[in-house]
Amino acid sequence: GHENEVGEEYLYKIVLIGDSAVGKSNLLSRFARNEFDTNSKATIGVEFQTQVVEIDGKEVKAQIWDTAGQERFRAVTSAYYRGAVGALIVYDISRRTTFDSVKRWLDELSTHCDTTTARMLVGNKCDLENIRDVSVEEGKSLAEAEGLFFMETSALDATNVQTAFEVVIREIYINIS
Ligand code: GDP
Ligand code: MG
């Protein structure tokens with residue numbers, strides 16, 4: 001398997017990908033520290049955060065990687081993807097261009113990771129219903145077509161953030177145990 005196993009401990013590398021400003025860093029800070037930053041620059045430079053989750057009575061460590069803004073220059077390196085067993089592909093439901101980019105992110109993911117990588121399509125900022133630009137149905141059908149899990153989230157009000165990460169972590173656990 002791909003896991004680093006130390007006794008009863010598992011360490012799963014999960015990567016966050018998607019266009020700039022879709023909310024990747026805030027999804028991670030919401031999940032790992034229950035924090036939200038309105039100033040996106042505040043989270044630049046974080047490499048990864050480790051979060052312990054219990055699955056079937058086992059302690060699983062999720063090491064979640066965040067870009068340091070390289071996605072702005074389409075310069076996410078292969079080192080970022082190396083060893084990843086899970087990925088959250090994030091778009092912003094209020095900006096269609098970020099949804100249009102999902103295909104490109106999936107291509108990049110399949111270049112660097114094998115097909116067993118657990119993948120979740122995440123439509124973030126679902127609190128912005130009044131300026132929604134991508135319907136729930138569009139998200140769902142893209143996910144179905146590509147064989148991805150799907151969830152809409154809000155890092156701002158915490159909707160589905162915990163669940164999105166946990167579904168991916170559970171899927172990894174099933175895949176490799
Ligand atoms: P990243 O570039 O993908 O890491 O995006 P950031 O996490 O830095 O977020 C970009 C901007 O979107 C920041 O101003 C955040 O405050 C804002 N943001 C992130 N998540 C949400 C969300 O769920 N809802 C709303 N309304 N704003 C969000
Ligand atoms: Mg970021």
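Values in this text are rule-based calculations from the coordinates and carry no lab data. Fair warning: this is a prediction, and the values are worked out from it, not measured in the lab. Note that each Cβ is placed from the backbone with ideal geometry, even for glycine, and that neighbours are counted across all protein chains shown.
The length gained by stretching the chain between residue 55 and residue 162 to full extension, at 0.36 nm per residue less their Cα-Cα distance, is 37.2 nm. Length gained on full extension, residue 11 to residue 79: 22.8 nm, using 0.36 nm per residue less the C-alpha separation.
Centre-to-centre, using Cα atoms only, the stretch 64-108 and the stretch 113-177 are separated by 13 Å. Model label sites at residue 114 and residue 38, defined 7 Å from Cα along the beta-carbon direction, differ in position by 4.7 nm.
Answer rounded, prolate or oblate for the chain, using the Cα gyration tensor with square roots of eigenvalues a ≥ b ≥ c: rounded when a/c is under 1.5, else prolate when a/b is larger than b/c, else oblate. The shape class here is rounded. How would you classify the stretch 74-146 from its alpha-carbon gyration tensor, with a ≥ b ≥ c the square roots of the eigenvalues: rounded for a/c under 1.5, else prolate if a/b is greater than b/c, otherwise oblate? It comes out prolate by the Cα gyration axes. Per residue, the chain reaches -9500 deg cm²/dmol at 222 nm when only DSSP H runs of four or more residues are counted, each adding -39500 (n - 2.57).
In terms of the Cα gyration tensor, with a ≥ b ≥ c the square roots of its eigenvalues, is the stretch 22-93 rounded because a/c is under 1.5, prolate because a/b exceeds b/c, or oblate? The shape class here is oblate.
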